[in-house]
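Here's the structure, in structure tokens; my notes come after.
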Amino acid sequence: MKKIAIISDIHANIEALTVVLDDIKQKQVDAIYCLGDVIGYGPNPVECLERVRNECEFSLLGNHEEAVLFGAFGFNVAARQAVEWTRERLKPTFFGGRLRKERWEILNDLPLCYTEGDNLFVHASPMDPTMDYILKSDTEDVFGEVPEKIRNIFDQIDKVCFVGHTHMPGIITEESRWFSPDDFGLTWEYKNGERIICNVGSVGQPRDRDERACYVIFTDECITYHRVTYDFKETQRKIFKNAKLDDRNGKRLEFGT
């Protein structure tokens, strides 16, 4: 039985990525998949890109990679500032060297999605692979029916759609019910014929009021969430020291918001 670790939304947080990759190694997985947003917000985009490049089976195009390549449209001020600084660190220059050029080419070649058997992997949503948000509020309907947005997404899912983007870990069922990992004891066991959306959470910038890095491991039988403590104060220190990164990008790490 294949055993896969899925990571997402690292956001240039090398401290979080390092402990997550170390934790994954102890789980004896067959491969690591990355759903994108390796960069953005944080202070170590180059280091994170290199680790993902060397240790993941693939990485998808996230909205922050897309923004670095083509422009930060619709981003708030803090996110846009980080995108602009990240572009300065990554975009090839005349004296930038071969590795810098290779990284930029890799960013340009990142796929929007990946399909393996009945499972779909995408950064944001099948409706818009980089920008659409699948939120808990999208599952709610005043009449108790399945909202049109959820129906449309499930029309494109055969079994499991793995996403990131919102930084909020959880499972959405075809009946439009949202479950946080704590609701099912961190391990979701598949039922015959069911279809689900699985948000794998964020490695480098959790937003579910838990400051620990988050990732999942999945097999044909279940999905298990893992939380790992990392030295967020070191990440904060580097962000606060960088005049081109907004301090808010660091402060939120302490609270998982």
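The values are calculated or read from the model by the stated rules, or taken from the named source; none is laboratory data. What you are looking at is a predicted structure, and each value in this text was computed from that prediction instead of being measured. Cβ: placed from backbone, ideal geometry, glycine included. Neighbour counts: every protein chain shown. These accessible areas exclude ligands, DNA and RNA; they are computed on the full protein's heavy atoms, side chains included. Shrake-Rupley method; radii C 1.70, N 1.55, O 1.52, S 1.80 Å.
Every residue in region 195-210 that is out of contact with any strand residue (DSSP E or B) (no Cβ under 7 Å at 6 or more places or on another chain) and more than 21 Å from LYS251 (Cβ to Cβ), please.
Residue satisfying the conditions is ARG195 alone.
Take the conditions over 24 Å from LYS27 (Cβ atoms), open to solvent by less than 70 Å² (accessible area, probe 1.4 Å) and basic (Lys, Arg) and apply them to LYS238. Does it pass?
Working: over 24 Å from LYS27 (Cβ atoms): yes; open to solvent by less than 70 Å² (accessible area, probe 1.4 Å): yes; basic (Lys, Arg): yes.
Judged against the criteria, LYS238 is a match.
Residues to consider are ILE197, ILE157, ILE217, ILE223; find the one that is modelled with pLDDT of 95 or more, over 29 Å from GLY42 (Cα atoms) and among the aliphatic types (A, V, I, L, M).
On the way: ILE197 fails: over 29 Å from GLY42 (Cα atoms); ILE217 fails: over 29 Å from GLY42 (Cα atoms); ILE223 fails: over 29 Å from GLY42 (Cα atoms).
The unique qualifying residue is ILE157.
What pairs can you find where one residue is in region 58-79 and open to solvent by less than 30 Å² (accessible area, probe 1.4 Å), the other is of a type in the set (Lys, Arg), and their Cβ atoms are less than 7 Å apart, with a gap of 6+ or different chains?
Filtered contacts from region 58-79: VAL68/ARG87; ALA72/ARG80; ALA78/ARG248.
Could you tell me whether region 108-117 includes any residue that is more than 30 Å from SER180 (Cβ to Cβ), modelled with pLDDT of 95 or more and surrounded by fewer than 19 Cβ atoms within 10 Å (Cβ to Cβ)? If you could, list the steps in order and put the result at the bottom.
Initial filter on region 108-117 (more than 30 Å from SER180 (Cβ to Cβ)): 108-109.
Still in the running and modelled with pLDDT of 95 or more: 108-109.
In the following step, the residues that additionally are surrounded by fewer than 19 Cβ atoms within 10 Å (Cβ to Cβ) were identified as 108-109.
Looking through region 108-117, at least one residue is more than 30 Å from SER180 (Cβ to Cβ), modelled with pLDDT of 95 or more and surrounded by fewer than 19 Cβ atoms within 10 Å (Cβ to Cβ).
Output the residues belonging to region 146-165 that are part of a loop (DSSP other than H, G, I, E, B) and either in contact (Cβ under 8 Å) with a residue 12 or more places away in the chain or within 21 Å of GLY201 (Cβ to Cβ) (or both). So that I can check it myself, show each step before the final result.
Initial filter on region 146-165 (part of a loop (DSSP other than H, G, I, E, B)): 146-147, 155-159, 164-165.
Answer for region 146-165, where residues must be part of a loop (DSSP other than H, G, I, E, B) and either in contact (Cβ under 8 Å) with a residue 12 or more places away in the chain or within 21 Å of GLY201 (Cβ to Cβ) (or both): VAL146, PRO147, GLN156, ILE157, ASP158, LYS159, GLY164, HIS165.
Of all the residues that make up region 195-212, how many are on the phi > 0 side of the Ramachandran plot and open to solvent by less than 10 Å² (accessible area, probe 1.4 Å)?
If we filter region 195-212 for residues that are on the phi > 0 side of the Ramachandran plot, which is where we start, we get 201, 209.
Narrowing further to those that are open to solvent by less than 10 Å² (accessible area, probe 1.4 Å): 201.
Result for region 195-212: 1.
If I filter region 218-234 down to residues being touching a residue at least 24 places away in the same chain (Cβ under 8 Å), over 18 Å from the mean Cα position of the chain (by Cα) and within 20 Å of ILE39 (Cα to Cα), which single residue comes out as most open to solvent (accessible area, probe 1.4 Å)? Lay out the reasoning, then the answer.
Just the residues of region 218-234 that are touching a residue at least 24 places away in the same chain (Cβ under 8 Å), to begin with: 218-226, 228-232, 234.
Subsequent filtering for residues that are over 18 Å from the mean Cα position of the chain (by Cα) retains 219-222, 231, 234.
The next check asks that each one be within 20 Å of ILE39 (Cα to Cα); those that pass are 231, 234.
Working: ASP231: 88, GLU234: 54 Å².
Among them, the one singled out is ASP231.
Got a sec? Which of THR130, THR86, THR93 is touching a Pro at 6+ places or on another chain (Cβ under 7 Å) and farther than 18 Å from ARG195 by Cβ?
Working: THR130 fails: touching a Pro at 6+ places or on another chain (Cβ under 7 Å); THR93 fails: touching a Pro at 6+ places or on another chain (Cβ under 7 Å).
Testing whether each residue is touching a Pro at 6+ places or on another chain (Cβ under 7 Å) and farther than 18 Å from ARG195 by Cβ leaves just THR86.
Can you name the residue in region 185-194 that is out of contact with any strand residue (DSSP E or B) (no Cβ under 6 Å at 6 or more places or on another chain) and open to solvent by less than 60 Å² (accessible area, probe 1.4 Å) and is also farthest from ASP220 (Cα to Cα) among such residues?
Our first condition is that a residue be out of contact with any strand residue (DSSP E or B) (no Cβ under 6 Å at 6 or more places or on another chain); within region 185-194, this holds for 185, 190-194.
With the extra rule that they be open to solvent by less than 60 Å² (accessible area, probe 1.4 Å), the set shrinks to 185, 190, 194.
Details: GLY185: 18, TYR190: 8, GLU194: 12 Å.
Once the filter is applied, the top-ranked residue is GLY185.
Name the one entry in ASP23, ASP9, ASP37 that is in contact with a His (Cβ under 7 Å, 6 or more places away or on another chain), part of a helix (DSSP H, G or I) and closer than 22 Å to GLU234 by Cβ. Spell out how you get there, then give the answer.
Details: ASP9 fails: part of a helix (DSSP H, G or I); ASP37 fails: part of a helix (DSSP H, G or I).
Residue meeting the stated conditions: ASP23.
Limited to region 17-49, what total is found for residues that are over 24 Å from GLU211 (Cβ atoms) and without any contact (Cβ under 8 Å) to a residue 24 or more places away in the chain?
Of the residues in that region, 0 qualify.
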